[in-house]
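**Q** Before I ask anything, here is the structure I am working with.
The values are calculated or read from the model by the stated rules, or taken from the named source; none is laboratory data. The model shown is predicted, which means the values in this text are computed figures rather than measured ones. Every residue, glycine as well, gets a Cβ built from its backbone with ideal geometry; the counts of neighbours run over all protein chains shown. In case anyone asks, the SASA skips ligands and DNA or RNA and just uses the protein heavy atoms, side chains included. Shrake-Rupley method; radii C 1.70, N 1.55, O 1.52, S 1.80 Å.
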Protein chains: 2
Amino acid sequence: MYRTNTCGELRISNVGTSVTLAGWVQRVRKMGGMTFIDLRDRYGITQIVFNNEVDAALCDMANSLGREFVITVTGEVAERSNKNKNIPTGDIEIIATALSVLNKSDIPPFTIEDNTDGGDELRMQYRYLDLRRATVRKNLELRHKIGFELRRFLNENNFLEIETPILIKSTPEGARDFVVPSRMNPGEFYALPQSPQLFKQLLMVSGFDRYFQIAKCFRDEDLRADRQPEFTQIDCEMSFVEQEDILQLFEAMMKHIFKYVKNIDFTEQFPRMTWADAMKFYGSDKPDIRFDMKFVEIKDLTAGKNFSVFDDADYVGAICAKGCANYTRKQIDVLTEFVKRPQVGAKGLVWLKIEDDGAIKSSVGKFFSEDELKVWADRCNAVAGDLILILAGETMKTRKALCELRLEMGERLGFRNPSVYAPLWVIDFPLFEWDDETQRFYAMHHPFTSPNPDDIKYLETDPGRVRATAYDMVVNGVELGGGSIRIHNSELQDLMFKLLGFTKEKAQEQFGFLMNAFKYGAPPHGGLAFGFDRVVSILAELDSIRDVIAFPKNNSGRDVMNEAPAPIDDSQLEELCLKVELPLSK
Amino acid sequence: MYRTNTCGELRISNVGTSVTLAGWVQRVRKMGGMTFIDLRDRYGITQIVFNNEVDAALCDMANSLGREFVITVTGEVAERSNKNKNIPTGDIEIIATALSVLNKSDIPPFTIEDNTDGGDELRMQYRYLDLRRATVRKNLELRHKIGFELRRFLNENNFLEIETPILIKSTPEGARDFVVPSRMNPGEFYALPQSPQLFKQLLMVSGFDRYFQIAKCFRDEDLRADRQPEFTQIDCEMSFVEQEDILQLFEAMMKHIFKYVKNIDFTEQFPRMTWADAMKFYGSDKPDIRFDMKFVEIKDLTAGKNFSVFDDADYVGAICAKGCANYTRKQIDVLTEFVKRPQVGAKGLVWLKIEDDGAIKSSVGKFFSEDELKVWADRCNAVAGDLILILAGETMKTRKALCELRLEMGERLGFRNPSVYAPLWVIDFPLFEWDDETQRFYAMHHPFTSPNPDDIKYLETDPGRVRATAYDMVVNGVELGGGSIRIHNSELQDLMFKLLGFTKEKAQEQFGFLMNAFKYGAPPHGGLAFGFDRVVSILAELDSIRDVIAFPKNNSGRDVMNEAPAPIDDSQLEELCLKVELPLSK
């Protein structure tokens, strides 16, 4: 037996008992004739004391311990004279009577502390040491807890967790598949699933009624910031439901998670916002509603004053930054630079200040009278002390830029506190997206997404107007998940394929498999999927999903700790009937 | 809203309420002016009644429904006159007042009944319809429940579920890896994990203390019966533990599962049997101890009577089949044919009957006197009416054959009831296995398995004698899981590598990564993994794991429903810098 207790559990009530602890040496401090060791395990830190006068040999041994040595210590629990209020075990210490070294440690390449001296790359290379740090460990503890509570909620609500295959068939649609050559079927390949979509719909055809899975998914994309080639989804599907059933159930699920994981009670219904409103007021289908600062459209107020920037624009939009009229020229210059960054893409920034005395100053003061500017300010509900920021241009691009500016101002004003949560549903997404380049409509979600029943009449006459029965859950400007009601009626599905430009043959080739299954009595069904990594990172109050994954890959899809991917043996390739042909110029 | 209730929940107490149900038409029966429909969903079957006199149009509509149509029905719950005691809803029926068809169904290729008319291949091709059958559905419901209870138990015992990567580095040791070409790193490959072994040991180095994961694993093997290229493990690892800690904890886990899933209470400790005893008494490292019939060695009693079959044998072993003395010559001939099958491999079968009057008859009666045979019978504890079956030959091969014969006799005598469970631990496995061909020792488990501390002294002088700290849990002759205490001491590890014939360079090349991690304070640790599919199939009282997997693959690793694997587009291959080169003669 290596221990009687963990390093996190002893309290003042344990004083006088004899215990054995095991763990890692966090710190050794020598003070006069005493040596103090902070002994660490997953559960906490406990102070161990060695007295040179009582047992010099034991104390010498303690002094010889290095950082991260693994030891086991026996001794008596005693009350500390100077208590440490920062840790739960801070009232006690162990007066050591025996010590043995279970394993030595080389000096770690960085300190195992919350504020480590190790850089990103070094910590990723030694991820197994990085994971020892309490801040990192806590993220994975949180991930476990969220996973457990998700399963508890879904189990109580009659969902069955059903594993779907990882080795599936490659489908040409969508993002790029990872493929897996089959040795037993030479020249043929499996694909890794981008999502269990096909299988969960089949499970509805099978009558499983309520399915979920916390499932690994794979996407061979050029990795943008904060994407991983493998990621985890909370994948759910239900039969005999309408959109309202799904929204209610998964809102309850998120409330359960907030309650049992973060001790936050959402008693009100989550707000619901149409996609059109989200775009109009926030310039984004995932608005951060922790703060207001809604877009105000003022194009109608700006015409005819020979200010060509506004006159030539489809759209002129403003946001009102409360109390920012005191922004200096330099501060406004920084904001102007911000909106002109290629990622934001605005051509310039127009501003308007309402000074304390009510006077209005503006970068476009020579084009517009103070009275005219006053009307703008009124529409923005701006009062003395407020700053109005205005962008103009093509509607969607300008909204997107204004969204970035709004988020930047929210950040500056401290409105984006990660421990404040503002969830909402975005609903009524458009069914189709028009692509200028190919001059045709594409499915915004996927071709099985059901149109809003009220809009079916516009399908053939005005497809751009048709709303989908699709929904996203958004928290703090991050899309946590989304889904849709699926089409279960084959005539409607045929029409959809036609509108999306599929010939009968092509539709059969790509989706025939699911269509055939649907011939045998498909129930009405719908579902959604949450990004598990994203849910955990939001609840961990982190920006990046990388921090909530035990062994993440870098932006080139590499595991730098484990050196994967790597070349494989020629014999392996031969067995798979494969030959690598690298481009000549590499 | 498609339904107010499921098809499994209405009872006599609901009589008089108006309800709406949705589901699949299991059966339509017309009896006089009445039409009865069995409406099915995941939760059960409810009888719906249509009365031609009350509403002829509705009744006509009901009569037109085909099998597996998806409908929704509204009506009033009424007490049935002739109750059906076989189903929980059998006391009531729904007097229909409205009916609508949500979806039609083609005639399914086989009947959706427990005893279907569909063959194996057809059912696999239409797996989504096969999954509608209650027998199949119940297996997946059981799987969900076992998974949930496993997580509940492990969570309560402070285990953290931590996801380890699916895209990892290929390691040449062990079974064949599936590989995944990396587009972003041309010419390089990921591998799919055969188990999370490396990562779980790293997590122990990281201090996670108690880890588990219900994890997908992959093995590109030529599929033997009942193997799947992807399978699921309950993978566990603990720090600061000895073998006893692990056996106790995971025995408690299995007891939890038996209790909450099967309502079976194991109050006693599971038996523990050394590997040596398992081989000696059962000829197998996974003995089926639902019945006794232990091997009895009688070589010493058989010598010097000129019966060369026994004289030339290293080993003569007997089993006693209680009450089988009445076996006919024909029955014994069948057993002789059984043991001579190549899969069993015995040369012949010797038998001995103790007749009701105590007289002994035997196939070797001309070599041995009745008194001599009486001594054999006594050693076997055989009494009047018993049949003794004897095999002879090379020790291990004969034990294996006798094991098969014992299982066959157990089957014939009804001792192998799948709803009776006899779990045990097999412990003290040998650390090494000698390979005659290559004339060297191999690790029986893996090279990180710790030797039994008492046997370390024999490591260099008599390696074959060294027991491992390794253990298997066996239930009803099936290995459910196994594991070991790992070596955490680097000197001992170096010695192991030496004994296994690794040069320092080769050990570094193959295992250097884990060895490097171990330099930074590896705690003592150990763990085990259970085959989740196997655990479920045993609790489902099934022989095959295929029946507890939603979408299994066949013996060629193919998903016949989904047609995977399949050729991929040339453009996909090109992006991966790969070329398929099939052998010319195919």
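**Q** Condition first: open to solvent by 10 Å² or more (accessible area, probe 1.4 Å), more than 8 Å from chain B (Cβ to nearest Cβ), among the acidic types (Asp, Glu) and within 30 Å of A:Tyr442 (Cα to Cα). Can you find one or more residues in the range A:140-155 that meet it?
**A** no
**Q** Something else: Within the group A:Leu387, A:Leu424, which residue is more than 30 Å from A:Gly464 (Cβ to Cβ) and in contact (Cβ under 8 Å) with a residue 60 or more places away in the chain?
**A** On the way: A:Leu424 fails: more than 30 Å from A:Gly464 (Cβ to Cβ).
A:Leu387 is the lone residue from the list that is more than 30 Å from A:Gly464 (Cβ to Cβ) and in contact (Cβ under 8 Å) with a residue 60 or more places away in the chain.
**Q** Output the helices (runs of 4 or more DSSP H) that fall wholly within the range A:292-347 and possess 1 or more residues being open to solvent by 60 Å² or more (accessible area, probe 1.4 Å) and of a type in the set (A, V, I, L, M), or say none. I'd like the intermediate steps shown before the answer.
**A** Details: elements: A:299-302, A:308-311, A:329-340.
The qualifying helices (runs of 4 or more DSSP H) are A:308-311, A:329-340.
**Q** Return yes or no: is B:Gln228 within 19 Å of the chain's Cα centre (by Cα) and part of a strand (DSSP E or B)? Walk me through how you get there before you give the answer.
**A** On the way: within 19 Å of the chain's Cα centre (by Cα): yes; part of a strand (DSSP E or B): no.
Criteria not met by B:Gln228.
**Q** Applying the selection to the range A:228-239, what residues are open to solvent by 10 Å² or more (accessible area, probe 1.4 Å) and either in contact with a Pro (Cβ under 7 Å, 6 or more places away or on another chain) or away from chain B (no Cβ under 13 Å) (or both)? Explain how you work it out, then say what you get.
**A** First, the residues of the range A:228-239 that are open to solvent by 10 Å² or more (accessible area, probe 1.4 Å): A:228, A:230-231, A:233.
The answer is A:Gln228, A:Glu230.
**Q** For the range B:412-458, how many residues are assigned to a helix (DSSP H, G or I) and over 21 Å from B:Met279 (Cβ atoms)? Give the steps one after another, and end with the answer.
**A** Of the residues in the range B:412-458, the ones assigned to a helix (DSSP H, G or I) are B:412, B:453-458.
Retained after the next criterion (residues that are over 21 Å from B:Met279 (Cβ atoms)): B:412, B:453, B:456-457.
Of the residues in the range B:412-458, 4 are assigned to a helix (DSSP H, G or I) and over 21 Å from B:Met279 (Cβ atoms).
**Q** Now for a different question. Quick one: how many residues across the range B:399-417 are open to solvent by less than 10 Å² (accessible area, probe 1.4 Å) and in contact with a Gly (Cβ under 8 Å, 6 or more places away or on another chain)?
**A** 3
Per-residue answers, yes or no, for (1) among the small types (Gly, Ala, Ser); (2) in contact (Cβ under 8 Å) with a residue 12 or more places away in the chain; (3) open to solvent by less than 20 Å² (accessible area, probe 1.4 Å):
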{"position": "A:Thr6", "(1), (2), (3)": "no, yes, no"}
{"position": "A:Ile12", "(1), (2), (3)": "no, yes, no"}
{"position": "A:Thr17", "(1), (2), (3)": "no, yes, no"}
{"position": "A:Ala22", "(1), (2), (3)": "yes, yes, yes"}
{"position": "A:Val25", "(1), (2), (3)": "no, yes, yes"}
{"position": "A:Lys30", "(1), (2), (3)": "no, yes, no"}
{"position": "A:Phe36", "(1), (2), (3)": "no, yes, no"}
{"position": "A:Leu39", "(1), (2), (3)": "no, yes, yes"}
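**Q** If I ask for residues that are buried (at least 19 other Cβ atoms within 10 Å of the Cβ) and either more than 7 Å from chain B (Cβ to nearest Cβ) or under 26 Å from A:Val478 (Cα atoms) (or both), which ones from the range A:204-227 would you list? Can you show your working first?
**A** Residues of the range A:204-227 that are buried (at least 19 other Cβ atoms within 10 Å of the Cβ), as a first pass: A:204-220.
The answer is A:Met204, A:Arg210, A:Tyr211, A:Phe212, A:Gln213, A:Ile214, A:Ala215, A:Lys216, A:Cys217, A:Phe218, A:Arg219, A:Asp220.
**Q** Does B:Asn86 satisfy the criteria of being within 15 Å of B:Gln26 (Cβ to Cβ), open to solvent by 70 Å² or more (accessible area, probe 1.4 Å) and more than 14 Å from chain A (Cβ to nearest Cβ)? Can you show your working first?
**A** Working: within 15 Å of B:Gln26 (Cβ to Cβ): yes; open to solvent by 70 Å² or more (accessible area, probe 1.4 Å): yes; more than 14 Å from chain A (Cβ to nearest Cβ): yes.
Yes; evaluated as a whole, the condition is true for this residue.
**Q** Hey, another quick one. Can you name every residue in the range B:163-203 that is facing chain A (nearest Cβ under 7 Å), open to solvent by less than 40 Å² (accessible area, probe 1.4 Å) and among the basic types (Lys, Arg)?
**A** The one that is facing chain A (nearest Cβ under 7 Å), open to solvent by less than 40 Å² (accessible area, probe 1.4 Å) and among the basic types (Lys, Arg): B:Arg183.
For (1) of a type outside the set (Lys, Arg); (2) more than 7 Å from every other protein chain (Cβ to nearest Cβ); (3) in contact with a strand residue (DSSP E or B) (Cβ under 9 Å, 6 or more places away or on another chain); (4) under 23 Å from B:Asp220 (Cβ atoms), each residue gets a yes or a no:
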| residue | (1), (2), (3), (4) |
| --- | --- |
| B:Leu514 | yes, yes, no, yes |
| B:Ala517 | yes, no, no, no |
| B:Tyr520 | yes, no, yes, no |
| B:Pro524 | yes, no, yes, no |
| B:Leu542 | yes, yes, no, no |
| B:Ile549 | yes, yes, yes, yes |
| B:Asn554 | yes, yes, no, yes |
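**Q** Could you count how many residues in the range B:89-109 are within 14 Å of another protein chain (Cβ to nearest Cβ) and within 19 Å of B:Leu58 (Cα to Cα)? Please lay out each step first, then the result.
**A** Step one: of the range B:89-109, the residues within 14 Å of another protein chain (Cβ to nearest Cβ) are B:100-109.
When the remaining residues are screened for being within 19 Å of B:Leu58 (Cα to Cα), the result is B:100-104.
Selection size over the range B:89-109: 5.
**Q** Another question, then. Please give the number of the condition B:Glu479 fails out of (1) more than 28 Å from B:Ile545 (Cβ to Cβ); (2) open to solvent by 80 Å² or more (accessible area, probe 1.4 Å).
**A** (1)
**Q** Same structure again: Being facing chain B (nearest Cβ under 9 Å), in contact (Cβ under 8 Å) with a residue 60 or more places away in the chain and of a type in the set (D, E, K, R) is the filter here, so list the residues in the range A:110-139 that pass it.
**A** Matches in the range A:110-139: A:Arg127, A:Arg132, A:Arg137.
**Q** Can A:Gln243 be described as open to solvent by 30 Å² or more (accessible area, probe 1.4 Å) and within 14 Å of chain B (Cβ to nearest Cβ)? Working first, answer last.
**A** Numbers: open to solvent by 30 Å² or more (accessible area, probe 1.4 Å): yes; within 14 Å of chain B (Cβ to nearest Cβ): yes.
Considered against the rule, which asks whether it is open to solvent by 30 Å² or more (accessible area, probe 1.4 Å) and within 14 Å of chain B (Cβ to nearest Cβ), A:Gln243 comes out as yes.
**Q** Looking at the range A:241-262, can you tell me whether even one residue there is part of a loop (DSSP other than H, G, I, E, B) and either modelled with pLDDT under 95 or within 21 Å of the chain's Cα centre (by Cα) (or both)?
**A** Pass one, the range A:241-262, residues part of a loop (DSSP other than H, G, I, E, B): A:241-242.
Next cut, either modelled with pLDDT under 95 or within 21 Å of the chain's Cα centre (by Cα) (or both) only: none.
No - not one qualifying residue is present in the range A:241-262.
**Q** Under 8 Å between Cβ atoms, which residue pairs at least 6 apart in sequence (or on different chains) link something in the range A:511-526 that is touching a residue at least 60 places away in the same chain (Cβ under 8 Å) with a partner that is of a type in the set (D, E, K, R) and surrounded by fewer than 20 Cβ atoms within 10 Å (Cβ to Cβ)?
**A** A:Phe513/B:Glu563; A:Tyr520/B:Asp106; A:Gly521/B:Lys104; A:Pro524/A:Glu242; A:Gly526/A:Glu242
**Q** Tell me, which residue of the range A:41-54 that is surrounded by 18 or more Cβ atoms within 10 Å (Cβ to Cβ) and of a type in the set (A, V, I, L, M) is farthest from the chain's Cα centre (by Cα)?
**A** Only one residue tops the list, namely A:Val49.
**Q** Quick one: what pairs do we get from the range B:565-576, first residue facing another protein chain (nearest Cβ under 7 Å), second among the charged types (D, E, K, R), C-beta under 6 Å, 6+ apart or different chains?
**A** Hits for this filter: B:Pro565/A:Glu188; B:Ala566/A:Lys169; B:Ala566/A:Glu188; B:Pro567/A:Glu188.
**Q** Follow-up question, since we're still on this one. Report, by residue number, each residue of the range A:426-442 that is crowded, with 19+ Cβ neighbours inside 10 Å and of a type outside the set (D, E, K, R). Even if it seems obvious, please write down each step before you answer.
**A** The first filter runs over the range A:426-442 and keeps only residues crowded, with 19+ Cβ neighbours inside 10 Å, leaving A:426-432.
Hits for the range A:426-442 are A:Val426, A:Ile427, A:Phe429, A:Pro430, A:Leu431, A:Phe432.
**Q** Just to be sure, is B:Val536 in contact (Cβ under 8 Å) with a residue 24 or more places away in the chain, open to solvent by less than 10 Å² (accessible area, probe 1.4 Å) and not charged (D, E, K, R)? First the steps, then the outcome.
**A** Working: in contact (Cβ under 8 Å) with a residue 24 or more places away in the chain: yes; open to solvent by less than 10 Å² (accessible area, probe 1.4 Å): yes; not charged (D, E, K, R): yes.
Judged against the criteria, B:Val536 is a match.
**Q** Is there a residue being within 24 Å of B:Asn562 (Cα to Cα), out of contact with any Leu (no Cβ under 7 Å at 6 or more places or on another chain), among the aliphatic types (A, V, I, L, M) and open to solvent by 10 Å² or more (accessible area, probe 1.4 Å) anywhere in the range B:95-103?
**A** Step one: list which residues in the range B:95-103 are within 24 Å of B:Asn562 (Cα to Cα), which gives B:103.
Next, only the ones that are out of contact with any Leu (no Cβ under 7 Å at 6 or more places or on another chain) stay: B:103.
Those still in the list that are among the aliphatic types (A, V, I, L, M) too: none.
For the range B:95-103, residues within 24 Å of B:Asn562 (Cα to Cα), out of contact with any Leu (no Cβ under 7 Å at 6 or more places or on another chain), among the aliphatic types (A, V, I, L, M) and open to solvent by 10 Å² or more (accessible area, probe 1.4 Å): absent.
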